[in-house]
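Everything below concerns the one structure shown next.
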Amino acid sequence: MANEFYIYLSILTPLIAFFITPLLSSSPNLRDSLGPIGGIVTFYSSLNIASLYLDGEMLNFTFFQINETLSISFKITGLGVIFGLVASGLWILASIYTIGYMRGNKEKNQTRFFTFYSIAIFAAICIAYSGNLLTLFIFYEVLTFSTYPLVAHKQNDEAKKAGRLYMGILVGTSIVFLLPAIIIVWVLTGSLDFSPNGVLKGNISNEYVPFLLALFAFGIGKAALMPFHRWLPVAMVAPTPVSALLHAVAVVKAGVFSMLVVITHVFGIDFLTETNGAVWLIWVSSITLLLSSCIAITKDDLKARLAYSTISQLSYIVLGGAIATNIAVQGASLHIVMHAVGKITLFFAAGSIYVATHLSKISDLNGIGKSMPLTFIAFFIGSLSIIGVPPMGGSWSKFYLMLGSVEKEYLVVISILCISTLLNVYYLLEIPAKAFFQPQKTNTQVTKHPLIVYPTLFAAMLTIVLFIYIEPLKNITNLLFGNQ
Amino acid sequence: MMSFIIKNLPILIVITPLMFSLIVAVLNNNRLAWALSTFATFLTMIFTILLCFEVSYKSNISYYLGNWPPPLGIEYVIDTISIIPIMIVSVIGLIATLFAHNFFTLEIDEKLVSKTYSLWLLTIAGLIGLITTADAFNLFVFLEISSLSAVALVALGSKVDRKALVAGYNYLILGAVGATFYVIGVGLLYGVTGTLNMGDLAQKIPALGLNKSVIVAFAFMMLGIMVKAAVFPLHIWLPNAYAYAPSPVSVLLAATATKVSIYILVRISYTIFGSSYEIYSFESLRYILLYLAILAMFAGTIMAIFEKDVKKLLAHSSIAQIGYIILGISLATSSGIASSFIHLINHALIKAGLFMSVVAMGYYTLKRIDVNTIAGIGRRLPITFFAFVICALSLAGLPLTVGFISKLYLIKAAYMSEGIWLPFLILVSSALSLIYIWKLIEGLWYNQKNSKPEKIKELPEIYIPLLFITFLNIYFGIDAGLIIDNSFIASDALISGIK
């Protein structure tokens, strides 16, 4: 019983922060300290959950039994452990960064911002530890709705429009595609529970598998598969901490996490391999991967470029799931971590640049590297990790994805991965290169806030640390299918 | 005393509001009239709860009015099916009465307020009577009681907007047409069977075989009730009636009136004609209902998207929601009808909450509640706005609200009997409904540039009913077992009645 305590703790901490934050609106220091404290507590319990998982403990509990087949329940899976660690660990960094950003930028309505920030984390943690499709769906929607006030934070016409598109795509796809997919699974198998080897085998005729998978793949709009990717770039009107934690970590990772859970725990990779049900998904994700990299090159707005880069990186993860071998899925789940850390570094850096200079166009960044070297070094390291250069963490996940496609002999996929890496090099490294080597165009005033610079550097360092200490993460991914 | 009450519960739930409506009519003190009405509806709810316990271990209570046995006398039947709409009417009746006072004193001439309460109780009595009676003609009487008093209530909105008179008139004419159709059907049935008792009719109809008067009677009765239930395209009286009625009347009618008519629709097709189910082949009628329901889903939603008047918008959305309920019935399976019952309950909760919060936000503007006139009000009334958002999300069927449970079961039932195309249509229409819901939420939250600083503050008097119904919207969205189980018990009882 005591072991389940950690699940409660990690779920309840952000929820408590959500309820307390509005009460503390009169004392900003106390209110803002809730974020880092909550992050540390949640991360601590996630670490404990991870070590319990590695010891082979089965943790699950039912929060609420609606009737015989429906329940809101939580269960620890390998993927969930990874996503939980990422979301809670980066919450610590992001919450410190957020304080610096919001104060440095003198944003309005800070209490509302922090309130919804915590509830979004709560939803992400609940998604990570959800034990069945119903629970997953519930908190998937909670996450969408709790991030709306953050996206539309500025409350001007642009934010309003962006919020509308954001809600429209995410809620629309989830209602029209994801919900019927879940109900079909419910009708076919009589239950919504996850099982390590899938539940559909023997319950569905083979020719319907690709269609059901399509309902899931396009229903999970948060995974940003084309053509349902538009919400991610428009969501960039939000303050940068939102883009950093939510649109590089919590929200999009919730999407690809759900994708991987569906592929492994509902379909089962053996079943998908048998029926060739996921072959089409390899192509869709490969196309998304290439196209969004190409679009990223054309973007001059720094955050928009990062957004398209995110879309492309998410497709790596979906691709790993679609290849549906043990190694590819391991690579995909490692990529959840690696991309999260790398991309949050980049977004932190982008936010630092904005707070310090109020510049958001890449073409304006010429020569600015000399006045804020630490930020751009961090940006450089983060870029390398995204590209997949050792000794950054990102190299591991790309390596495994490549291995997976070699194993299945998808030679086209390998070449697509290589092309995309080259594109990554081009559109990411252009930014620090311009900042350091081009002559400065205009004299811009640079103001720094220490709470912004240090989390950025720390995140950059983390990408290197993750290259060296990959062992525990690999142990978790080895246990994904429970047979090694 | 107690055993006397228990024995006479089926009539007490009808007679209590009826008697109090007579008392209230002669009062001069408006506050006292309100207090007495609240007391009457409270008493009715207590009786209903007692009745629930009775039904839970007897499952079928038959009550002879004046101790006259059925074929001649009037019989009241309370069973696992009818207890559901009774519960809806009595709970919503109490909540709406609690809510009503501020609005009636504001929107209606002072001299008429106590009369309004009298009509109000009469409507509730009529609605409950409609559900309990097992006599086809007695049902007509209650149909007239409830709709005539409802028409008068709608017309009372004329102090705020004189269009209420036209709306009431339309409601009167179409309601009368519906009731007449119904009574023609009853007359034909009486002619061939010589009985008015529903159970008796059910036994005698199969023996008649393929009798033309029975077919015609069936058509007349169904059509009449479909007008009352505002099944598309017989819905035209509804939007204006809801929009121009005094605020509390909109709440009461939107949450209960059409629900009761839908219940009668189910009762006619399953209890009276159910035993000859094979002969009259519900199969073809079923498809008519199914297509009408799909049309209603889309037509209601699209009309709501283009509507500016908030109350009318909610009325159009009601038409779409009635479509969902009819859809479940038209599937003619146990899970389909159960999903209809689930949505019957849940939609009552949703619409009551929505109408309450919307009219509360329009309290200070007193004019037509337009999307533009309420811009930015949500910010100044955060608690009412919160209730509105919860109920609106519930209407859209978002998880953790009752609307989600309805949708989950409706889609499951639709998928099981019709395949994937039907759930897809349902979901597209419900995704479309997000457009108007979002229009309202945005409109309430974002400030209009030229909004004049009016004196607007919260109305604490309505917190209890409003927050209670919001709470129910969430509570039954999580602890949904009670509603789901009872709906399945009811639908199984209906289906087994056929065989």
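Here are some notes:
- The relative contact order of region B:1-95, computed from alpha carbon pairs under 8 Å that lie at least 6 residues apart in sequence, is 30 percent.
- Stokes-Einstein translational diffusion, the protein assembly as shown - Kirkwood Rh over all Cα pairs, 1.002 mPa s, 20 °C, in µm²/s: 71 µm²/s
- Charge dipole of region A:4-481 about the Cα centre (unit charges at C-beta), most positive-ward option of A:Val284, A:Phe437, A:Ile92: A:Phe437
- Pairs of Cα atoms nearer than 8 Å and 6+ residues apart set the relative contact order; for chain A it is 16 percent.
- When both region B:315-364 and region A:308-330 are represented by their alpha-carbon centers, they are found 42 Å apart.
- Its Cα centre serving as origin, the protein assembly as shown has a Cβ charge dipole (Lys and Arg +1, Asp and Glu -1) of approximately 2660 debye.
- Rounded tilt (10° steps) of B:113-132 against the dominant C-alpha axis of chain B: 30 degrees
- Too-long pairs where the Cα-Cα distance tops 27 Å, listed order kept, from A:Lys108/A:Lys299; A:Lys108/B:Lys312; A:Lys161/A:Lys361: A:Lys108/A:Lys299; A:Lys108/B:Lys312
- Selection among B:Gly403, B:Met87, B:Val371 by position relative to the dipole of chain B gives B:Val371 as farthest towards the positive end (Cβ unit charges, Cα centre).
- Relative to the longest principal axis of the Cα atoms of chain A, the long axis of helix A:78-105 makes an angle of roughly 20 degrees.
- Remark: region A:43-57, residue by residue, has Karplus-estimated 3J(HN,Hα) of 5, 4, 6, 5, 4, 5, 4, 4, 6, 5, 5, 5, 6, x, 6 Hz, where x stands for each Gly or Pro and the curve is 6.51 cos²θ - 1.76 cosθ + 1.60 at θ = phi - 60°.
- Computed over region B:305-395, relative contact order equals 31 percent, with contacts defined as Cα pairs under 8 Å that lie 6+ residues apart.
- Positive-end ranking of A:Val209, A:Ala17, A:Ser130 along the dipole of chain A, with charges on Cβ about the Cα centre, is headed by A:Ala17.
- Residue-by-residue Karplus 3J(HN,Hα) for region B:140-151, coefficients 6.51, -1.76, 1.60, Hz, glycine and proline x: 4, 4, 5, 4, 5, 4, 5, 6, 5, 5, 5, 4
- Calculation over all alpha carbon pairs of region A:62-128 in 5 angstrom steps from 0 returns a P(r) of 4, 14, 19, 17, 15, 12, 8, 6, 3, 1, 0 percent.
- Taken one residue at a time, the phi angles of region A:314-327 give Karplus couplings (6.51, -1.76, 1.60, θ = phi - 60°) of 4, 5, 4, 5, 4, 4, x, x, 5, 4, 6, 10, 3, 5 Hz. Gly and Pro are set to x.
- Between B:Ile369 and B:Val310, B:Lys311, the built amide H atoms are under 5 Å apart, and every one of these is 5 or more places off in sequence or on another chain.
- Among the listed pairs A:Lys106/A:Lys434; B:Lys259/B:Lys412; B:Lys159/B:Lys311; A:Lys106/A:Lys222, those beyond 25 Å (Cα-Cα): A:Lys106/A:Lys434; A:Lys106/A:Lys222
- Cα centroid separation, region B:186-247 to region B:369-404: 37 Å.
- Axis angle, to the nearest 10 degrees, between helix B:421-445 and the longest C-alpha principal axis of chain B: 30 degrees.
- Cα gyration tensor category, rounded, prolate or oblate, for region B:292-499 with a/c compared to 1.5: prolate
Bear in mind that the values in this text are calculations on the coordinates, not laboratory data. Everything numeric in this text was worked out from a predicted model, so none of it was measured. As a convention, Cβ positions derive from the backbone with ideal geometry for all residues, glycine included, and neighbour counts pool all protein chains shown.
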